[in-house]
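One structure is given below, encoded as structure tokens.
We did not get these values from a lab; they are worked out from the coordinates using the rules stated. All values reported here derive from a predicted model rather than from experimental measurement. No Cβ is skipped: glycine too gets one built from the backbone with ideal geometry, and neighbour counts run over all protein chains shown.
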Amino acid sequence: MRHSVLRVAALALAAAGPLAAQMPGMSDVHDMHHAAKPASAKARRQIDTVAKSVASLETTAAAGAAGFRPRFGWIPTMGTHWVSVQKMMNGRQTDRSAPSQLMFSKINGRDSLVGAAYAYMTADNDTVRPSLFDGNPPWHDHPDLAPAGLDLVMLHVWFVPSPDGPFAGTNPNLPFWALGLAAPDSVRMRDPAFKAMVMRASLALGELADSTSILPTLKERDDDVGPAIAARRDSVRVLIPEFIAAQKTHDAVRWERTATKAAAQWDGMQATYLASARTPAGRERIQKFIATILGQHGE
């Protein structure tokens, strides 16, 4: 049975109302696992099993009661990671039914369980990863989040449509849904140039959905970073009616033109963030963070 996964996916598809389901690439809930790296039928059944195993934790209140706590805030292309430190510190994760993290993101204004993650600390020279799903999808590394000599390794599994498949490190659909918009055309996301543009547009929309979601401490500094980002954010805000109009008329050209404008605003935001770095090391940290949320996990 796929009821649990389909229910969450249907919630995502309803984010922009009935018209969202009529947009190219979003017409069939069963296409939720379609991506450049397709999952096998066995892997899809395994994902369904995971979704069922955490179905009782589909609200943040339930997740909190079960010992999960939010970390890092809402990241536009990842959502909010709710972490069970106890599970994560138990070492190498081999129980598919007990992910150490839950991922929540707003859909239709409601915090929704959109995925789960497996993560644990290991020696930085350990290259062996558990095979939790058919096809052995690759884990990604976060050495910057681990103490010296250690590495934090992670595997995401999405319960909602994701352009790069259910095991992708990022999901650019989330900011669109957070603002009540339809997700990008999943078929066109196979084109590298279109995908790169959409990823940048996604971060611009993420800044609008939650102004604290990207590098909030830089915005709070006593300089012009905050006002410069706010001005860019205002420019993104006026694009929302354009996105909605393109959805209603199924105008792919207009949609892409609007997304390109949003991507350009992100380019300006990124330039502001990088220019604000006071040291080369600080600039490198900003670059690494941006690369991560753009999906460059080093997978």
The extension gain from VAL238 to ASP223, computed as 0.36 nm times the residue separation minus the Cα-Cα distance, is 2.9 nm
For Cα Rg over 2.2 N^0.38 Å, the choices are (i) 1.02; (ii) 0.97; (iii) 1.24; which was calculated from the structure? (ii)
Computed lengthening from ASP191 to ASP267, 0.36 nm per intervening residue step minus Cα-Cα distance: 25.4 nm
Full extension from LYS42 to HIS142: what is 0.36 nm times the residue separation minus their Cα-Cα distance, to one decimal in nm? 33.2 nm
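Which net charge results for the neighbourhood of THR94, defined as the other residues with beta-carbon distances under 13 angstrom from its beta-carbon, given Lys and Arg at +1 and Asp and Glu at -1?
Working: positive: LYS87, ARG92, ARG96, ARG129; negative: ASP95.
Once all neighbours under 13 Å are counted, the net charge is +3.
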Expected sort for 78-86, 121-129 on mean C-beta neighbours within 10 Å, highest first, is 78-86, 121-129
Show me the ranking of peptides 153-161, 239-247, 98-106 by mean Cβ neighbours inside 10 Å, starting with the highest. 153-161, 98-106, 239-247
Measure off 7 Å from each Cα along the Cα-to-Cβ vector at ALA245 and ALA277, then give the distance between these two points in nanometres to one decimal. 3.9 nm
Per the helix-only model, the chain has a calculated mean residue ellipticity at 222 nm (DSSP H runs of ≥4, -39500 (n - 2.57) each, divided over all residues, rounded to the nearest 500) of -12500 deg cm²/dmol
